[in-house]
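First comes the structure, then the notes that go with it.
The values are calculated or read from the model by the stated rules, or taken from the named source; none is laboratory data. The structure displayed is predicted, hence computed values, not measured ones. A quick note on method: Cβ atoms are made from the backbone with ideal geometry, for glycine too, and the neighbour counts reach across all protein chains shown.
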Amino acid sequence: MRDDPHSGPSNPTRRTFLLTTGSSAAGTIIAACVPAQANTTAGQSDSAAASADGPNIEGAVPITLRVNGKDHQLRIDPRTTLLDCLRETVALTGTKKGCDHGQCGACTVHVNGRRVNSCLSLALMHDGEEITTIEGLGAPDALHPMQAAFVAFDGYQCGYCTSGQIMSAVALLKEPCGPDDAAVKELMSGNICRCGAYPNIVAAIQQVRKNT
Amino acid sequence: MHTFEFIRPADPAAAIATAAQAKTAQQGADVRFVAGGTTLIDLMKLNVETPARLIDINRLPLDKVEATPSGGLKIGATVRNSDLAHHPTVQRDYAVLSQALLAGASVQLRNMATTAGNLLQRTRCMYFRDTAMPCNKREPGTGCPAITGSNRTLAVLGTSEHCIATNPSDMCVAMAALEATIHVQGAKGSRAISFGDFYLLPGSTPNRETVLEPGDLVTHVTLPPPRSGSKQVYLKLRDRASYEFALASAAVVITIAGGNVTHARIALGGVGTKPWRSPEAEAALLGKPANAANFRKAAEAAMRDAKPQSENKFKIELAKRCLGHALKMATTS
């Protein structure tokens, strides 16, 4: 059986360890955005929506966020970016926060099949849209060809930008792009890699393009 | 980020009625339309923009690219920059616009950014973006630290003693050269604004960037029919090869007959406080042989009134060479 990415205390990950044993500071961050109960409806008052699971969020509004084929009924602060909603509310932390200002590409996800910077978008703007994150591309035992190519070509060092790079690279496969490396570099310029794994990233993408 | 009320209007009329309650449509507006969000959400995170109400116009029917009866093109306010750049009609008849769009930002940002949002894109001046600093554009009367400070990337055309912020758009430079018209629906009805009348010079009120009033919703942009036989080029010079704002750019739409220039529309980016159409360069080219000497004269004419700051004098020569090279590219392709 495959490991559950949200594995419990019997198989602790760095993240679940922090979530379950976190300091008060970490606890505050987690409490700032909590999933609503599944039966939350638009007609419910804020107080009714505030379940025993979490505190009432002043001004929270309901949203259905469809992520990786699954609907999530949430109540969120209108200020919540798509990035923060995915990471903190839906608890899909594969999408990374780098600059938080649309300059680095670490937060790249697909909305209705197109790549966007999730940090510069409000979650509320994507009510009902089809969102795909790195978790929706593949799994450890069934990698997307692009994920496998990044591994094969060593397309990363620290790995922080990698999910954004891969989301961009997968989107690129369906975009107008010339055959040469220069065209790939141009279309990947919105994803910054401070380790400088660029040559290997381009090689990985070109390998996948050759095979598809 | 400050709190706000998120509103999804049923139709443009509802959006306009809500926006018309704003005190201003300029810097610091208390009601803002949001489409792609790539400028606005960024500035809201910096507390440079603090709207109390945000009107999501993404689901209004403003996302079409259509031919106009006169043979021109109508571009909806929420058409994404990437869709416009790759639209077959734009690629065929308005190549300078496609090139300019693809020279801007990244694919991710172009997939989000819209026509109207790009028209209203805000300056990247670091003092404007930093609320710890004075800025006449953000807080009128507080001063312009850029004039005595870091101004390498800032404007040399259209500046005032109150503001030297550069307009950062690529798309707008092409639209200026294509003589686009901006269509606005407001509380008092609809109106069409020529591209040259839409933007304001900073003067003593750099907080006012356009002629837009509360309630004004940009619904679409129209381009006149393409001029047959015209050559078009957008050339952008910057500190790195991609994903960077222009230090200087040039949009050229030019027609040559018998070796002479019979029509020219020229606009510059990265050097002006607004998308910079240059009638001086156009006049210098009209009727003249299309050669390097005349291209240089046109470039000199375009930059005649340029006023350098402490760190950006290089931009004047850079812009001249940029325009000269763009003209050469257009007339030898």
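Quick notes on this one:
- Close Cβ contacts (under 6 Å, 6 or more residues apart or on different chains) running from residues in region A:91-119 that are more than 10 Å from every other protein chain (Cβ to nearest Cβ) to residues that are part of a helix (DSSP H, G or I) and among the charged types (D, E, K, R) comprise A:Leu92/A:Glu135; A:Thr93/A:Arg87; A:Gly94/A:Glu135.
- Any hit, region B:253-263, residues being within 30 Å of B:Ala19 (Cβ to Cβ) and of a type in the set (Val, Ile, Thr): no
- Test for B:Cys135: is it in contact (Cβ under 8 Å) with a residue 40 or more places away in the chain and not assigned by TED's automatic domain parsing to the domain that holds B:Asp239: no
- Check on B:Gly189, free of Cβ contacts under 8 Å to residues at least 12 places away in the same chain and surrounded by fewer than 19 Cβ atoms within 10 Å (Cβ to Cβ): yes
- So B:Ala187, is it touching a Gly at 6+ places or on another chain (Cβ under 7 Å), of a type in the set (A, V, I, L, M, F, W, C) and within 14 Å of chain A (Cβ to nearest Cβ): no
- The numbered conditions (1) within 14 Å of another protein chain (Cβ to nearest Cβ); (2) more than 30 Å from B:Arg8 (Cα to Cα) are all true for A:Ile131 except (2).
- Residue within region A:102-120 that is among the β-branched types (Val, Ile, Thr) and farther than 22 Å from A:Cys193 by Cα present: yes
- Residue that is farthest from B:Ala281 (Cα to Cα) [pool: residues in region B:306-333 that are under 20 Å from the mean Cα position of the chain (by Cα) and not aliphatic (A, V, I, L, M)]: B:Lys315
- B:Cys135 vs. criteria among the hydrophobic types (A, V, I, L, M, F, W, C) and farther than 24 Å from B:Ala250 by Cα: yes
- The number of residues in region B:56-88 that are among the β-branched types (Val, Ile, Thr) and within 13 Å of another protein chain (Cβ to nearest Cβ) comes to 2.
- Matching residues, region A:181-201, being away from chain B (no Cβ under 14 Å) and free of Cβ contacts under 8 Å to residues at least 12 places away in the same chain: A:Pro199
- All of B:Thr131, B:Thr210, B:Thr219, B:Thr205 fail the test of being over 20 Å from the mean Cα position of the chain (by Cα) and either within 19 Å of B:Ala25 (Cβ to Cβ) or surrounded by fewer than 22 Cβ atoms within 10 Å (Cβ to Cβ) (or both), apart from B:Thr131.
- Any chance B:Gly149 is out of contact with any helix residue (DSSP H, G or I) (no Cβ under 6 Å at 6 or more places or on another chain) and in a loop (DSSP other than H, G, I, E, B): yes
- The number of residues in region B:93-118 being within 11 Å of another protein chain (Cβ to nearest Cβ) and of a type in the set (D, E, K, R) comes to 1.
- Residue list for region B:41-55, filter: more than 9 Å from chain A (Cβ to nearest Cβ) and touching a residue at least 24 places away in the same chain (Cβ under 8 Å): B:Leu43, B:Asn47, B:Val48, B:Thr50, B:Pro51, B:Ala52, B:Arg53, B:Ile55
- Test: residue in region A:169-177 that is under 26 Å from A:Leu74 (Cβ atoms), in contact (Cβ under 8 Å) with a residue 60 or more places away in the chain and surrounded by fewer than 19 Cβ atoms within 10 Å (Cβ to Cβ): no
- Screening region B:13-34 for residues that are hydrophobic (A, V, I, L, M, F, W, C) and under 14 Å from B:Pro51 (Cβ atoms) and picking the one that is nearest to the other protein chains (Cβ to nearest Cβ) gives B:Val34.
Every residue, every condition in (1) farther than 19 Å from B:Gly104 by Cα; (2) under 19 Å from the mean Cα position of the chain (by Cα), yes or no:
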{"residue": "B:Ser150", "(1), (2)": "yes, no"}
{"residue": "B:Ala155", "(1), (2)": "no, yes"}
{"residue": "B:Gly158", "(1), (2)": "yes, yes"}
{"residue": "B:His162", "(1), (2)": "yes, no"}
{"residue": "B:Cys172", "(1), (2)": "no, yes"}
{"residue": "B:Ala177", "(1), (2)": "no, yes"}
{"residue": "B:Gly186", "(1), (2)": "yes, no"}
{"residue": "B:Ser228", "(1), (2)": "yes, no"}
